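Asks: To start, I am sharing the structure in question, which I have written as structure tokens.
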Amino acid sequence: MDIVNLDHLSANPLLPEVQEAMIHAIRTDFGNPSSQHKLGDRASEALEKARESVARLINSGSPKEVVFTSGGTESVNLAVKGVAWAKAEKGKHILTSNIEHNAVLRSLRRLKMMDYKVSSVPVDSHGRVNPSDVATALKEDTVLVSIMHSNNEIGTIQPIEEIARITREKNVVFHVDAVDSVGVVPVDVQELGVDLLSFASNPFYGPTGVGGLYVRRGTHIWPLLDGGVQENNRRAGTENLIGIVGMGVAAELAARDMKARMAQMKEMKEKYKIHQIIQITLVMRIIIRKDKETDRQIQIQIQIQTGYLIWEI
């Protein structure tokens, strides 16, 4: 029996070009990028080529601003805890929202055990943060704001640029969890104005277990791991070169095919909405917010006595 995979949020099949690149790297780029010999140099070249591809995908000012990690979770942990520890002398207050991923929420829970204070801003019925709420919740000792780019459950895209202007005026570091956005919808770190941005390879048809953190030049973070000086001394440990090579190729393809992929997803989504309107008009209302959600997700609200239940397709 054929299997139809509708769970493309948690993992995707590898694109053929990604598979080929990774198999080639297994055979030829098996050296350690930190080694001072020919095999190491070859591995280092492959590593930096992938870094450049990822940097282009998010429009980073420099490939050196991209730190490779083991996935989105590590990237988020590095950003949240790394800034908190680096800024501990300035203050211990962190601001987030009520709908963040567990990688953010549990990182903050850990920091609360270390006497950090955490505040959360609410969201509206569409899952959207109001920037004015962020401005109001900032304190003198706030060192970090962490708000996701698009929600992993309902796809709502947050007003990141507006929030970034607020944090920049207050000299507060702004981290964005964009794991479900990078490679899926256009994400330009220059336009967004963020200081830190987490992403992962698997949402754009790269391998699982590979991710990255964009660190704007001048943003100071403490590394989570003690060891070597890999990733410009921000993430110790030998890089997962084979996975990173695959991520680099997936990033190139995502940048190249972004418009076509989005058009295809939009077409499929609109067809689905029409079908659902016919079937469930009496019990559901479908929210159409073309400019505020990712096209591969659809928000359907089921009204029940105690409130709303959000169902993600």
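Asks: Scanning the stretch 193-250 for residues that are among the aromatic types (F, W, Y) and within 24 Å of S34 (Cβ to Cβ), which turns out surrounded by the fewest Cβ atoms within 10 Å (Cβ to Cβ)?
Replies: Checked the stretch 193-250; the qualifying residue surrounded by the fewest Cβ atoms within 10 Å (Cβ to Cβ) is W222.
Asks: From the list V184, V145, V215, which one is farther than 28 Å from A21 by Cα and of a type outside the set (K, R)?
Replies: V145
Asks: Just to be sure I understand the filter: pairs with C-beta atoms under 9 Å, separated by 6 or more residues or on different chains, first member in the stretch 225-253 and in contact (Cβ under 8 Å) with a residue 40 or more places away in the chain, second member part of a loop (DSSP other than H, G, I, E, B) and of a type in the set (D, E). Which pairs pass?
Replies: Between residues of the stretch 225-253 that are in contact (Cβ under 8 Å) with a residue 40 or more places away in the chain and residues that are part of a loop (DSSP other than H, G, I, E, B) and of a type in the set (D, E), the close pairs are Q230/E239; E231/E239; L241/D29; I242/D29; V245/D29.
Asks: Hey, can you tell me all the residues within the stretch 34-47 that are charged (D, E, K, R), surrounded by 15 or more Cβ atoms within 10 Å (Cβ to Cβ) and within 23 Å of A255 (Cβ to Cβ)?
Replies: Step one: of the stretch 34-47, the residues charged (D, E, K, R) are 38, 41-42, 45.
Those left that are additionally surrounded by 15 or more Cβ atoms within 10 Å (Cβ to Cβ): 42.
Scanning the stretch 34-47 gives no hits.
Asks: Tell me yes or no: at least one residue of the stretch 132-145 is part of a strand (DSSP E or B), at pLDDT 95 or above and within 19 Å of S10 (Cα to Cα). Break it down into steps so the answer makes sense when it comes.
Replies: Within the stretch 132-145, the first condition is being part of a strand (DSSP E or B), and the residues that meet it are 142-145.
Cutting the leftovers down to at pLDDT 95 or above gives us 142-145.
Still in the list and also within 19 Å of S10 (Cα to Cα): none.
No; the residues of the stretch 132-145 include none that is part of a strand (DSSP E or B), at pLDDT 95 or above and within 19 Å of S10 (Cα to Cα).
Asks: Something else: Can you confirm whether A50 is within 25 Å of the chain's Cα centre (by Cα), in contact (Cβ under 8 Å) with a residue 12 or more places away in the chain and exposed (fewer than 15 other Cβ atoms within 10 Å of the Cβ)? Talk me through it step by step, then tell me what you get.
Replies: Working: within 25 Å of the chain's Cα centre (by Cα): yes; in contact (Cβ under 8 Å) with a residue 12 or more places away in the chain: yes; exposed (fewer than 15 other Cβ atoms within 10 Å of the Cβ): no.
No; evaluated as a whole, the condition is false for this residue.
Asks: OK, next. Within the stretch 92-145, restricting attention to residues that are under 21 Å from the mean Cα position of the chain (by Cα) and charged (D, E, K, R), which residue is nearest to T73 (Cα to Cα)?
Replies: R106
Asks: Looking at the stretch 50-65, can you tell me whether even one residue there is in the same structural domain as V104 (by TED's automatic domain parsing) and farther than 27 Å from V187 by Cα? Show your work before the answer.
Replies: Step one: of the stretch 50-65, the residues in the same structural domain as V104 (by TED's automatic domain parsing) are 50-65.
Then keep just the ones that are farther than 27 Å from V187 by Cα; that gives none.
No: zero hits.
Asks: Something else: Just the residues that are surrounded by 24 or more Cβ atoms within 10 Å (Cβ to Cβ) and in a strand (DSSP E or B), please, taken from the stretch 68-94. If you could, list the steps in order and put the result at the bottom.
Replies: As a first pass, look at the stretch 68-94 and keep what is surrounded by 24 or more Cβ atoms within 10 Å (Cβ to Cβ): 68-69, 72, 75-76, 78-80, 82-84, 94.
Within the stretch 68-94, F68, T69, I94 meet the criteria.
Asks: Now a separate question. Being part of a helix (DSSP H, G or I) and touching a strand residue (DSSP E or B) at 6+ places or on another chain (Cβ under 8 Å) is the filter; apply it to the stretch 95-108 and report the residue that is surrounded by the most Cβ atoms within 10 Å (Cβ to Cβ).
Replies: Residues of the stretch 95-108 part of a helix (DSSP H, G or I): 102-108.
Next, from what is left, pick out any that are touching a strand residue (DSSP E or B) at 6+ places or on another chain (Cβ under 8 Å): 103-105, 108.
Details: A103: 21, V104: 24, L105: 19, L108: 22.
If we take residues in the stretch 95-108 being part of a helix (DSSP H, G or I) and touching a strand residue (DSSP E or B) at 6+ places or on another chain (Cβ under 8 Å), then V104 is surrounded by the most Cβ atoms within 10 Å (Cβ to Cβ).
Asks: Next up: Using the structure shown, decide if P159 is surrounded by fewer than 20 Cβ atoms within 10 Å (Cβ to Cβ), within 30 Å of E252 (Cα to Cα) and either free of Cβ contacts under 8 Å to residues at least 40 places away in the same chain or under 13 Å from the mean Cα position of the chain (by Cα) (or both).
Replies: yes
The values are calculated or read from the model by the stated rules, or taken from the named source; none is laboratory data. Please read all numbers here as calculations on a predicted model, not as lab measurements. No Cβ is skipped: glycine too gets one built from the backbone with ideal geometry, and neighbour counts run over all protein chains shown.
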